[in-house]
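Inspection log for the structure reproduced underneath, given as structure tokens.
The values are calculated or read from the model by the stated rules, or taken from the named source; none is laboratory data. Computed from a predicted model, the values in this text were never measured in an experiment. Positions of Cβ are backbone-derived with ideal geometry, glycine not excepted, and every protein chain shown enters the neighbour counts. Quick note on the areas: whole protein, heavy atoms, side chains included, nothing else; ligands and nucleic acids left out. Shrake-Rupley method; radii C 1.70, N 1.55, O 1.52, S 1.80 Å.
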Amino acid sequence: MAARTSPRWSLRGPGLRRWLGTWALGTAVGVAVAVLSHLGYLEGMDFAWLDALLAVNPPEGSVRAVKLVTAGDDDFAALGMRPAPGVFPRPLLARAIDRLSEDRAAVVVVDLLLDLPAPGDESVERALAQARDRGTVVVLACSRGPMGYRWPLRRFAKNARVACADLLSGPQGEARTIDPIVDTPEGPKRAVAVAAYEAMHLRGVGTADVPKRPVVIHFRENGATFATYGLVDLLRGKVPAEWLKGAAVILGRTDTVGADMHTVAIPPRAGDAGSALQPMSGPEIQANALGTLLGHRPPMRTTPAMDVGLQASAAAVLALLLLWLGPAGGGCLGFILVIGLGLTASIAVFRSSGYMLNFAPTLVALVAYTWLAAWLQDR
């Protein structure tokens with residue numbers, strides 16, 4: 001009579017030890033790949049996964065509270081002025097801030113660099129003081145340039161909040177992510193969108209806590225989402241006061257001379273192959289950043305601890321499949337499960353918490369792990 005043998009997928013005795021060894025190996029591979037991902041070596045794959053999540057399940061952004069007032073070529077022409085690079089006309093800025101605070105805007109983000117003295121600075125200083133007295137929070141931008149950080153004049157900063165306008169870039173240099181706290185030579189500074197969100201949050205707008213970790217921005221199509229008025233309409237009283245009351249207003253330039261243009265990634269629509277890179281003005285980028293934070297669950301990257309737990313869990317299942325079906329069958333089934341169940345789990349977690357479970361490193365780890373397991377089995 002032939003001796004009976006235990007099936008190779010048994011988790012008793014030697015089978016359990018084999019599973020534990022295979023699981024430990026898979027976890028080590030998965031954690032190593034996750035570390036590479038956090039160091040930026042898999043950035044392209046990471047953002048492709050995040051874009052897929054945003055495409056199938058965009059965040060519930062509360063964009064009605066975010067408004068744009070921009071100074072474009074037509075505005076300068078209507079005011080009989082020629083736009084010039086660098087210093088924005090201070091009397092225009094003072095009048096704009098005064099009008100916005102008069103109409104009880106909750107927050108005014110000045111997306112202009114005010115680091116150089118100019119005629120009319122005293123009028124801006126008075127407008128900022130009046131805005132503070134009226135309860136309007138004004139956020140002034142600082143930014144890092146080739147020669148270092150550019151800060152608003154101290155005479156302006158005393159009546160406003162100074163925040164950093166810079167964003168973290170993606171794999172192609174596009175603006176991608178809000179870093180809530182930016183280290184600067186003058187100490188940690190909040191990001192512009194975070195400073196504005198904090199002021200709105202205190203007024204009961206936005207349900208999520210003020211973020212402490214990087215948040216991926218969900219960009220909308222150019223000019224398709226945020227209500228926008230020209231600067232000349234604001235100054236001539238053509239913007240309804242009720243449109244501004246309680247709003248967060250981004251004030252900046254879109255003229256061809258002084259506009260601050262950057263590339264952004266618009267999440268793909270159904271049927272698209274991937275994100276579309278488009279140019280976008282600085283004010284609209286900040287509007288998208290604030291609109292993302294005002295969403296009920298703004299997109300957030302997972303922590304390293306979350307990724308380690310994800311890799312260990314995936315390795316436990318894959319180890320069982322490899323012992324049961326062998327490297328070829330277990331690897332194929334594992335790949336299908338990661339794609340199917342991984343995307344399903346990612347969508348469910350994103351909907352409930354805003355965290356983006358990133359299975360891109362898991363796919364890379366799966367291929368490396370399956371190959372390594374097959375190589376060890378052949379030896």
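Filter the range 59-94 down to residues that are closer than 23 Å to Leu294 by Cα and either out of contact with any Gly (no Cβ under 6 Å at 6 or more places or on another chain) or surrounded by 15 or more Cβ atoms within 10 Å (Cβ to Cβ) (or both), then give me how many there are.
11
With the structure loaded, tell me whether Phe76 is touching a residue at least 60 places away in the same chain (Cβ under 8 Å) and touching a Pro at 6+ places or on another chain (Cβ under 7 Å) or whether it fails that test.
For Phe76, the condition - touching a residue at least 60 places away in the same chain (Cβ under 8 Å) and touching a Pro at 6+ places or on another chain (Cβ under 7 Å) - is met.
Identify, please: which residue in the range 168-196 is outside any strand (DSSP E or B), modelled with pLDDT under 95 and at negative phi and is, among those, surrounded by the most Cβ atoms within 10 Å (Cβ to Cβ)?
Among them, the one singled out is Gly170.
How many residues are open to solvent by less than 10 Å² (accessible area, probe 1.4 Å) and either touching a His at 6+ places or on another chain (Cβ under 8 Å) or of a type in the set (A, V, I, L, M) (or both) if we restrict to the range 95-149?
So the count comes out to 18.
So for the range 201-210 (the condition being at pLDDT 85 or above, assigned to a loop (DSSP other than H, G, I, E, B) and open to solvent by 40 Å² or more (accessible area, probe 1.4 Å)), does at least one residue qualify?
no
With the requirement that a residue be polar (S, T, N, Q), touching a residue at least 40 places away in the same chain (Cβ under 8 Å) and over 13 Å from Cys142 (Cα atoms), what does the range 164-187 give you?
Gln172, Thr177
Would you point out the residue of the range 209-247, among those that are in contact with a Pro (Cβ under 8 Å, 6 or more places away or on another chain) and free of Cβ contacts under 8 Å to residues at least 60 places away in the same chain, that is farthest from Met300 (Cα to Cα)?
That would be Val210.
In the set Arg161, Arg132, Arg190, Arg144, which member is in contact with a Leu (Cβ under 9 Å, 6 or more places away or on another chain) and in contact (Cβ under 8 Å) with a residue 12 or more places away in the chain?
Arg161
Residue check: is Ser346 farther than 21 Å from Arg176 by Cα, of a type in the set (Gly, Ala, Ser) and assigned to a helix (DSSP H, G or I)?
no
Could you tell me which residue of the range 331-341 is farthest from Leu310 (Cα to Cα), considering only residues that are modelled with pLDDT of 75 or more and within 26 Å of the chain's Cα centre (by Cα)?
Taking the candidates together, the pick is Gly340.
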